[in-house]
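The values are calculated or read from the model by the stated rules, or taken from the named source; none is laboratory data. Predicted model, so just to flag it, every value in this text is computed and none were measured. Cβ placement follows ideal geometry from the backbone for every residue including glycine, while neighbour counts extend to all protein chains displayed.
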Amino acid sequence: MARREFALDLTRYHARHQRGDLAVFLTWHGNDLEPCLVIVPAHYEGHERVTPCIVPQKAAWIWSEALGDGAHCARTSYQFCEFLRINPDPMACIRITSIIREHIGDLLSIPPAPFETVVVADAIRRDSDGKERYSEIVDRV
């Protein structure tokens, strides 16, 4: 498989939601294309100085009200506020936590990443009866 240039590509996503001045993406992250939820400031979307706030699917349980870790959510929401250039007051932290919790179901149901395929070779096979079969050898990009 071709190596990706960036660990996160917000031009390819499963879903995008606008929550006031924040954009929430359901997308894939890393070389293994793990599902994740990403929050960025909507007005800085695509800007090189944006620090995306990422919640990986495998850590979604932490944000659950029933099973999660409230202290971890509070600390992480505080850090996310700082990365998003929002004053990390209690209401802003609660807002970030609420946005994440609102989309946990979406994050858990995100499908595997769609791959683009590139033809890297053609194969021709001749059977014992002389019939030729053509096929393409592809690589996922």
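The sole residue among Val55, Val50, Val138 that is within 22 Å of Phe6 (Cβ to Cβ), at pLDDT below 85 and either of a type in the set (Phe, Trp, Tyr) or out of contact with any Asp or Glu (no Cβ under 8 Å at 6 or more places or on another chain) (or both) is Val50.
Checking each residue in the range 62-95 for being more than 17 Å from Leu22 (Cβ to Cβ) and either touching an Asp or Glu at 6+ places or on another chain (Cβ under 9 Å) or among the aliphatic types (A, V, I, L, M) (or both) picks out Ile62, Ala66, Leu67, Ala71, Ala74.
Here Arg133 meets the list (1) assigned to a helix (DSSP H, G or I); (2) among the basic types (Lys, Arg); (3) over 18 Å from the mean Cα position of the chain (by Cα) almost entirely, failing just condition (1). One residue stands out in the range 119-136 among those that are exposed (fewer than 10 other Cβ atoms within 10 Å of the Cβ) and not charged (D, E, K, R): the one that is nearest to Ile62 (Cα to Cα), namely Val119.
Listed conditions (1) free of Cβ contacts under 8 Å to residues at least 24 places away in the same chain; (2) farther than 30 Å from Val119 by Cα; (3) not aliphatic (A, V, I, L, M) are all met by Thr51, apart from (1).
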